[in-house]
Amino acid sequence: MADKTYILAIDQGTTSTRAMIFDHSGSVISVDQVEHEQIFPKAGWVEHNGIEIWENTRKVIGGALSKANLNSKNIAAVGITNQRETAIVWDKATGQPVYNAIVWQDTRTQKIVDKLAGDEGADKYKAKVGLPLATYFSGPKVMWILENVEGAREKAEKGELLFGNTDTWVLWNLTGGAENGGVHVTDVTNASRTMLMDLDTLAWDESIAEDMGIPMSMLPEIRSSSEVYGDYDGVMTEDVMDTVEIKQMNDYAMSKWVNEMQVQNSARQFKTQSVRVRLFNTYGPGEYYSPYRSVICLFCYRLLHDMPITVYQGYKRTSTFITDMARTLSNITDHFTPGEVYNIGGEDFHTIEEVVEIILRQVGKQQQRNTLVQLQDDEILTTREKKVDCARARRDLKHQTTVNLEEGIAQTIAWMRDVYKVT
């Protein structure tokens, strides 16, 4: 890794916004922090100015860079942590909030909460979202804004308003905002604090959103907590961490990269013996459906249940059947070489469209292709061709592909038919 590569962390908190810059070893290089106004219009009401929060975010980023004598070119990646539950609703065309952010401590939504609870009580949605109805969470706050801010309901119904907690607000502005197509996403941890996300599917629950009068178009896309991918030249080899600079748009997810750094640091500090293993697109029986499973699991389940899928054209992957991966992993104990790194992936290099054709054929729904499969040209921040070098795993762990894609998908579909009782 290059000496001048750093990570920027943004902490958007309840009373202030802070930026910290870390070097490769995890040491703090600089910190800048600015407080924002606490607004109390009435007893029990707590608000923040969304524009002030964004302006302060820009200030502290600049301040931290200045103190470290760095510029944006030195920053490899940006992480965001934030105050939870605080709700902001803004106009996506102008970037202007329609009302102040309603803070997590605010209790103005008690009547809304009581009305939603009705005869079923505070646990009405708990089985789905894991939370009791309370003023603490974001959903009722958004409902209050739509019901009390003039023109907000009409704009929301027209798809002109966006909602987010402060993570989404900061990220949307950082990635372009109104002028340059800011990315409107959140992660599962923030989404889980809105009372709108189904914990089983990790997706927004349309029925609860409807109960609260919140159009689905307002809600950010739910993504995993570390999901920034990008292209790099060539094939990913085992020594990628030693030869490629860590960067925001690197194909190796930031969280995985940091995990490997922790393993390496542990080995140096505590003299532990370890082997690093990277698994690529493993699939097969035993992988239960959720929106964040592998693409093969996702597509098999959805097409079996006549649910539409989105396919981004021209993306290529390798896929590893579960038994091939497990057999290779089991060989590590007999061939343990401290400090070694192994990539474990499949040999078939296929397009996502080829995977879909195999699944459609095996579930018998080729005639429904036009209604079930939506094709799109590009998926933002995702590697187009993800190929992996497994030479070391083949050499030391006898890694090999014994189940090809056609056979593996057939076994996966057979398992899903049995588990989900699909004929």
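In straight-distance terms, cross-link reach from residue 128 covers every one of the lysines whose alpha-carbon lies under 24 Å from its own, apart from those fewer than eight places away in the same chain; here that gives 111, 115, 141, 421. Across 71, 343, 82, mean-square fluctuation computed from a Gaussian network of the chain (C-alpha pairs under 10 Å connected) peaks at 71.
Measuring against 32 Å, Cα to Cα, the residue pairs 365/387; 92/387; 42/155 contain 92/387 as the ones spanning a longer distance. The heavy atoms of residue 387 offer some 90 square angstrom of accessible surface to a 1.4 angstrom probe.
Charge dipole of the chain (Cα centre as origin; +1 on each Lys and Arg Cβ, -1 on each Asp and Glu Cβ, all else neutral): 620 debye, rounded to the nearest 20. If I compute solvent accessible area with a 1.4 Å probe over the protein chains, what percent of it on the stretch 82-197 is carbon and sulfur? After summing per-atom areas, the C and S share lands at 47 percent.
Of all lysines in the structure, those lying under 22 Å Cα to Cα from residue 67, and not within fewer than 8 positions of it along the same chain, are 4, 59, 247.
In whole percent, and with a 1.4 Å probe on the protein chains, what portion of the accessible area of the stretch 326-412 is carbon and sulfur? That share works out to 45 percent. Annotation: peptides 305-316, 96-107, 404-415, ranked by per-residue average of other Cβ atoms within 10 Å with the highest first, follow the order 96-107, 404-415, 305-316.
Would you compute the Debye intensity of the chain from its alpha-carbon atoms alone, equal scatterers and no solvent, and pass along log10 I(q)/I(0) at q = 0.09, 0.13 Å⁻¹ to two decimals? Rounded to two decimals, the profile gives -0.69, -1.27. Sequentially through the stretch 407-423, phi angles give Karplus couplings (6.51, -1.76, 1.60; θ = phi - 60°) of 5, x, 5, 4, 5, 5, 5, 4, 5, 5, 4, 6, 5, 9, 6, 9, 8 Hz, Gly and Pro residues having no value and appearing as x. Using the 1.4 Å probe convention, the accessible area of the stretch 49-106 works out to 44 Å² per residue with neighbouring protein chains retained. A straight Cα-to-Cα reach below 20 Å connects residue 398 with the aspartates and glutamates 238, 239, 324, 334, 340, 347, 348, 389, residues fewer than 8 places away in its own chain not being considered. Each of the peptides 31-41, 186-196 was scored by the mean count of other Cβ atoms within 10 Å over its residues; in descending order, highest first, they stand as 186-196, 31-41.
Taking square-rooted eigenvalues a ≥ b ≥ c of the alpha carbon gyration tensor, is the stretch 1-148 rounded, prolate or oblate, where a/c under 1.5 means rounded and, failing that, a/b exceeding b/c means prolate? Prolate is the answer for the stretch 1-148, as a/c is 1.5 or above and a/b outweighs b/c. In this structure the stretch 285-416 gives 48 Å² per residue of accessible area when probed at 1.4 Å with all protein chains present. Each residue of the stretch 68-79 is assigned a 3J(HN,Hα), and the resulting list reads 8, 6, 10, 9, 4, 5, 7, 8, 7, 7, 10, x Hz, derived from the Karplus form 6.51 cos²θ - 1.76 cosθ + 1.60 (θ = phi - 60°), x at Gly and Pro. The overall shape of the stretch 120-228 is oblate: from the C-alpha gyration tensor, with semi-axes ordered a ≥ b ≥ c, the ratio a/c is 1.5 or greater and a/b is no larger than b/c. For residue 406, the shell of other residues with beta-carbons less than 13 Å away shows a net charge of -3, using +1 for Lys and Arg and -1 for Asp and Glu.
The values are calculated or read from the model by the stated rules, or taken from the named source; none is laboratory data. In this text the structure is predicted, and so the values were computed from the model without any measurement. Virtual Cβ from ideal backbone geometry, glycine too; neighbours counted across all protein chains shown. For accessibility, only protein heavy atoms count, side chains too; no ligands or nucleic acids. Shrake-Rupley method; radii C 1.70, N 1.55, O 1.52, S 1.80 Å.
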